[in-house]
Amino acid sequence: MSKEIILNCEKLERRFALRHDGRLEEYELEHEDNEPKVGDIYLGRIVNLDASLQAAFVDIGARKNAFLHYKEMLPGNTGLIEQYQSDQAGKEAEAINPRRRKKRTAPENAKLDAEAARRRKKITMEEIPNIFKPGMEILVQVVKSPISTKGARVTTDITIPGRFLVLMPYSDHIGLSTRIESGTERDRLRKILEQLELPEGMGLICRTVGEGRRSTFFKRDLELLLDYWHKVETGVAGGSAPRLLFTEPNLIDRTVRDFVTEEIDGIVVDDPDAFKHIRETLKRIGASKMVSKVTLYKGADPVFDFYHIDEELHKVFQREVKLPGGGAIVIDETEALIAIDVNTGRGRKNADQPEFIRQTNLEAADEIARQLRLRNVGGLVVLDFIDMRSAADRDELYRHMKKLVKDDRAKTKLLPLSKLGLMEMTRQREHESIQAQVYDPCPYCGGSGLVKSALTMSAEIQRKLSSIMRNKKYKGVPLRVFMHPEVLTRLRNQDAQLLRDLESKYKHELSFRADPNLHCEEFVLVDPETGAEVK
């Protein structure tokens with residue numbers, strides 16, 4: 001069971017591929033642009049607050065203002081909230097008995113304020129506009145990149161991931177990755193984390209890759225994370241908003257941080273500078289054993305061609321994906337949801353056999369889990385499996401699908417098959433899908449994938465001709481029609497008699513010409529004598 005990472009580094013884009021036994025399992029693409037990335041930390045400025053959305057819009061210097069939900073505004077602003085609660089407590093105490101409050105001593109007033117503050121411990125969503133005002137500067141982190149027409153989504157609950165640890169500057173929680181299952185190992189790691197010199201009020205999470213590591217690795221990682229946070233704090237004090245204070249590492253560094261484990265058998269990179277950087281980074285983070293697994297690709301063919309990755313990627317973007325047993329899945333990506341339909345395909349002759357249907361659905365589940373990762377799609381996903389009569393088979397399919405999405409790095413939630421035979425799931429969506437990054441909507445069909453048929457265009461042309469020939473302004477004027485060659489073929493064959501009837505009825509001379517430069521839904525009417533367009 002071999003695993004290898006292939007990295008393609010070019011000036012315009014960088015590409016990452018993870019192959020498992022020669023099969024593409026993970027794919028990432030990164031372009032050089034100034035768009036906010038997940039993990040970036042900004043000093044932003046509140047533009048306005050929308051009570052109906054319970055959200056603030058924050059200027060972070062991007063093309064679109066970032067979206068900040070009210071509940072995401074509290075974690076990093078404890079001091080501001082405490083000041084607000086203190087002021088409210090003072091007002092409440094004053095309202096209780098204005099005269100007696102004036103006679104109280106300072107300690108008595110402080111005690112009363114503290115009691116009022118405790119009663120108001122939780123901030124309600126209705127109080128947010130009283131605490132945060134337009135124009136106020138606020139420290140935020142991107143949790144969802146800009147997608148389509150929407151700006152980035154941000155939070156004040158900041159986290160900074162390292163190789164082994166995740167630093168939480170505004171939480172004192174100490175936690176471990178749920179994928180570390182051994183109780184003994186969890187106890188050992190928790191003791192190590194509790195012994196680290198961590199500033200008061202900060203917390204840590206141990207990542208899965210930290211399993212089995214000595215305390216030295218965690219100390220080194222923590223020092224680096226605290227240094228990052230110190231630079232953020234210095235940046236806040238060093239200028240006005242909007243400003244980028246911390247940027248998430250590029251694809252090469254993220255690969256080393258998030259993917260390079262002892263399970264990886266090889267890392268192939270086609271750029272000498274990236275090759276050198278990866279080796280140096282592995283030595284610095286204490287993964288010296290992995291250095292020998294890094295290889296510089298020097299072949300004449302592009303590295304993704306040599307490993308047949310581009311060939312597999314071509315299949316990823318196909319609407320229909322074939323299954324080993326003859327079935328297929330059809331994937332339709334829309335703005336609202338992802339719809340995936342499972343078909344029996346060429347195995348239709350066995351379609352009534354329960355065992356064949358069960359096997360096809362299990363194969364489809366394997367491919368669906370893989371396709372969701374490769375395409376990097378998220379949001380609501382609706383899976384239409386082939387109907388199964390056996391309740392045991394339906395339960396098996398649900399358990400199998402749950403097992404498959406468990407290892408997905410994106411957070412997922414899966415529901416059992418409904419009475420209509422549909423399985424629903426949500427998948428965390430942090431970035432645009434690979435399809436959205438690679439493709440623009442078709443300028444002709446607007447992304448629908450559909451154009452009008454030659455029959456429809458023939459009818460529209462005849463309708464337009466009838467309208468013009470009835471107009472006295474164009475009485476007797478000859479007309480020449482330019483159109484797409486496929487439409488002209490229809491007019492000269494199936495619809496030729498209809499055009500002759502039009503000429504006879506309105507006493508007009510008509511001529512038709514093919515123009516391959518015209519879109520199949522376009523046609524132009526011209527006066528052949530003057531060359532002027534007739535509208």
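The values are calculated or read from the model by the stated rules, or taken from the named source; none is laboratory data. Fair warning: this is a prediction, and the values are worked out from it, not measured in the lab. Glycine gets a Cβ as well: all are built from the backbone with ideal geometry, and neighbour counts include every protein chain shown. With ligands, DNA and RNA removed, areas are computed over all heavy atoms of the protein, side chains included. Shrake-Rupley method; radii C 1.70, N 1.55, O 1.52, S 1.80 Å.
Summary of values
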item	result
Accessible area, probe 1.4 Å, largest first, for residues 11, 535, 133, 71	11, 535, 71, 133
Separation in nanometres of the label points that stand 7 Å from Cα toward Cβ, at residue 519 and residue 200	6.6
Inter-probe distance in nm under a simple model that places probes 7 Å from Cα toward Cβ, at residue 223 and residue 136	3.8
Rounded, prolate or oblate (a/c below 1.5 giving rounded, otherwise prolate when a/b exceeds b/c) for the chain by Cα gyration tensor	prolate
Cα-based shape type of the stretch 126-174, given that a ≥ b ≥ c are square roots of the gyration tensor eigenvalues and the cut on a/c is 1.5	oblate
Sites residue 422 and residue 150, calculated FRET efficiency, Cβ-Cβ separation with R0 35 Å, nearest 0.05	0.85
Contour minus Cα-Cα distance for residue 396 and residue 527 (0.36 nm per residue)	40.2 nm
Directionally averaged projected area (convex hull, Cα atoms, the stretch 229-346), nm²	13.0
Simple spin-label estimate for residue 300 and residue 411 in nanometres, 7 Å along Cα-Cβ	5.1
DSSP bridge pairs, the chain: antiparallel proportion in percent, nearest 5	75
Ordering of 38-50, 190-202 by burial proxy (mean other Cβ atoms within 10 Å per residue, highest first)	38-50, 190-202
Probe 1.4 Å, accessible area per residue of the chain, Å²	56
Gained length - residue 284 relative to residue 314, 0.36 nm times residue gap less alpha-carbon distance	7.1 nm
Note, ³J(HN,Hα) from phi for the stretch 125-138, Karplus 6.51, -1.76, 1.60, rounded to Hz, x at Gly and Pro	4, 5, 8, 3, x, 7, 9, 10, 10, x, x, 6, 7, 8
Relative contact order computed over the stretch 276-330 (Cα-Cα under 8 Å; 6+ residues apart), in percent	15
Dipole of the stretch 434-535, positive end: most advanced residue of 454, 528, 442 [Cβ charges, Cα centre]	528
For the stretch 312-393: relative contact order, % (alpha-carbon pairs under 8 angstrom, 6 or more apart)	32
14 Å beta-carbon shell around residue 332, net charge (K/R +1, D/E -1)	-3
Phi to ³J(HN,Hα) by Karplus 6.51 cos²θ - 1.76 cosθ + 1.60 over the stretch 139-152, Hz, x for Gly, Pro	8, 9, 10, 6, 10, 8, 5, x, 10, 6, 8, 8, x, 5
Phi-based couplings in Hz for the stretch 391-398 (Karplus 6.51, -1.76, 1.60; Gly and Pro marked x)	5, 5, 5, 5, 5, 5, 5, 5
Partners for residue 64 among lysines (Cα-Cα distance below 28 Å; same-chain residues under 8 apart left out)	11, 37, 133, 144, 150, 231, 411
Nearest-20 debye value, the chain charge dipole, Cβ charges on Lys, Arg, Asp, Glu	1620
Peptide ranges 137-144, 408-415 listed from the most packed, as the mean C-beta count within 10 angstrom indicates	137-144, 408-415
Ordering of 151-157, 4-10 by burial proxy (mean other Cβ atoms within 10 Å per residue, highest first)	151-157, 4-10
Under 18 Å from residue 322, Cα to Cα: aspartates and glutamates that are on another chain or at least 8 residues apart	25, 310, 311, 312, 332, 333, 341, 363, 366, 367, 384
Accessible area of the chain belonging to carbon and sulfur atoms, whole % at 1.4 Å probe	49
Of 472/535; 475/535; 71/403, those spanning more than 20 Å from alpha-carbon to alpha-carbon	71/403
Relative contact order (%) - the chain, alpha-carbon pairs under 8 angstrom, separation at least six	12
Selection from 36, 169, 502 lying farthest towards where the dipole of the chain points positive, charges on Cβ	169
